[in-house]
Amino acid sequence: MELNERILHYLDKCNEVDTLKLANEFHEDHQKIVGAVKSLEALEMVTSEAVKNTRWELTEEGQLVSDKGSHEAVLYRSVPEAGIPQAELMKTVPNAKVGFSKAMSSGWILIDKSAAPPLVKRKVDSIVDTVQEHLNEIKKGIDNLADNVRNDYKKRKLLQEVTVKSFILSKGPQFSTTIKKLETDLTSEMLQTGSWKTLEFKPYNFDALGQPPECGHLHPLLKVRSEFREIFLEMGFTEMPTNMYVESSFWNFDALFQPQQHPARDAHDTFFMSSPASSEHFPMDYLERVKKVHSEGGYGSQGYKYDWKIEEAKKNLLRTHTTAVSARMLYKLAQGEFRPQKYFSIDKVFRNETLDATHLAEFHQVEGVIAARGVGLADLIGVLDAFFSRLGFHKLQFKPAYNPYTEPSMEIFAYHTGLGKWIEIGNSGVFRPEMLLPMGLPADVNVIAWGLSLERPTMIKYGLNNIRDLVGPKVDLQMVQNNPICRLDK
Ligand code: PHE
């Protein structure tokens, strides 16, 4: 018979029983009985009431006494007929000290001082080891001890009081001695045959603990983004509004003195929008100055000398760099009285790239811009040094580069100690007068700027070598969940 059925049969005869008693009678572990009771309770076959019982139990030492005899009895038995010097006796048994004093006070042994050295001898012919008898009874669950005796055993650390939680069982409203098998699932078959009408279903256990809710996890890109943001904010930069993925070619390219025939403006490199295909509103006087500097030159520049077309500038695209946002911000800055500014942005850009392990068609750009009177290349190198060392890159190298909108331009390389080599981490430069002067910025104001991707440092920091492990459908969510809340790798 199953345990829960045995409980029901037992209850059928006696109406009420304590689970501790059941455990004793069935020779079962009490916890197992409680488990069975809980499931019977869910079926309303029994009801239970929790009670706390205190009970006396043998300590480890008490267990020893119950097995081998009290310390005094053990000592008594090791005293030979002829007697034994006390010092020698003390070496023969464990717990001899307690045993000796107890045996003395019980009048079981004596010290014969007439011998030299004095001898310990038995005083009585036989003893009754009541301590052992008492403990054996307690072990059997019989407790008829007088309080002072029990307390004495407690003081001698032979007994200890324990509290046990148990349950008083009685018959529940659905009591019976057999357990019906209740349905746990409503199946489509039950619905089709209509059997659900007569079947009995197991009631829901609304007290059961549900699945612990999982907390959210930040993607590594978000963590590194907030590190970048913090660095910029600590350095006194203001964040630019980057909430425009769709830009006109004008702000993305023309404002940046990027000629209209530049290969980057080709559909092979840029995603153009089909709807809405073009933008209509531009600050027209500024647009005229941009057109002029491209086609005829000005501000000491000869320009590109080509036929600049507004149709080309109107074309909408997914912005290819956040420098489009910087251009808007600098134009805006030029419209009021000039004040030095430090701007930054971190957001998405899009490029018509062939996808591979290190390139995606969309990624994040981190960009810093400083506009102030008299700043130059030395300031740019200094600020890049401060910026990247906060990120944990302490060795930088710069390589001359080309951007249509900066002169001079520098690629930024950092020595990666983990990889043991120099890697390219960004691009930078001093914005050209052909870009800044048409905006209306004062002639003595220079703007230094740099940009990098968010993905590359994240891959380095998280030891990923395929960008598709970081972004896209192949991202392992476990990776996101498992990566630590913070890294101490700076
Ligand atoms: N726009 C550049 C890029 O996309 C980065 C850059 C920003 C370079 C500012 C110079 C100045 O790589």
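The values are calculated or read from the model by the stated rules, or taken from the named source; none is laboratory data. Quantities reported herein were computed from a predicted structural model and do not represent experimental measurements. Note that each Cβ is placed from the backbone with ideal geometry, even for glycine, and that neighbours are counted across all protein chains shown.
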### Query
Mind checking which residues of region 357-373 are within 30 Å of Leu436 (Cα to Cα) and away from the ligand (no atom under 14 Å from the Cβ)?
Ala361, Ala372, Arg373
### Query
Are any residues in region 307-331 assigned to a helix (DSSP H, G or I) and either among the aliphatic types (A, V, I, L, M) or within 16 Å of the ligand (Cβ to nearest atom) (or both), and if so, which ones?
Ile310, Ala313, Thr323, Ala324, Val325, Ser326, Ala327, Arg328, Met329, Leu330, Tyr331
### Task
Tell me, please, whether a residue that is assigned by TED's automatic domain parsing to the domain that holds Tyr462 and over 26 Å from the mean Cα position of the chain (by Cα) can be found in region 210-231.
no
### Query
Would you call Ser48 under 30 Å from Phe206 (Cα atoms) and among the small types (Gly, Ala, Ser)?
yes
### Message
Looking at the structure I just gave you, is Thr187 touching a residue at least 12 places away in the same chain (Cβ under 8 Å) and of a type outside the set (Phe, Trp, Tyr)?
### Response
no
### Message
Checking the condition in the same structural domain as His30 (by TED's automatic domain parsing), in a loop (DSSP other than H, G, I, E, B), of a type in the set (Lys, Arg) and within 55 Å of the chain's Cα centre (by Cα), which residue from Lys52, Lys157 passes?
### Response
Lys157
### Task
From Glu367, Glu434, grab the single residue that is assigned by TED's automatic domain parsing to the domain that holds Ala334, over 37 Å from the mean Cα position of the chain (by Cα) and not aromatic (Phe, Trp, Tyr).
Glu434
### Breaking point among (1) crowded, with 21+ Cβ neighbours inside 10 Å; (2) touching a His at 6+ places or on another chain (Cβ under 9 Å); (3) not in a strand (DSSP E or B), for Gly451
(3)
### Task
Pick out the one residue from Gly376, Gly368, Gly418, Gly392 that is without any contact (Cβ under 8 Å) to a residue 60 or more places away in the chain and among the small types (Gly, Ala, Ser).
Gly418
### Message
Take Ala386 and tell me if it is more than 18 Å from Phe253 (Cβ to Cβ) and in a helix (DSSP H, G or I).
### Response
yes
### Query
Taking into account only those residues within region 410-432 that are part of a strand (DSSP E or B) and hydroxyl-bearing (Ser, Thr, Tyr), which is farthest from the ligand (Cβ to nearest atom)?
Tyr415
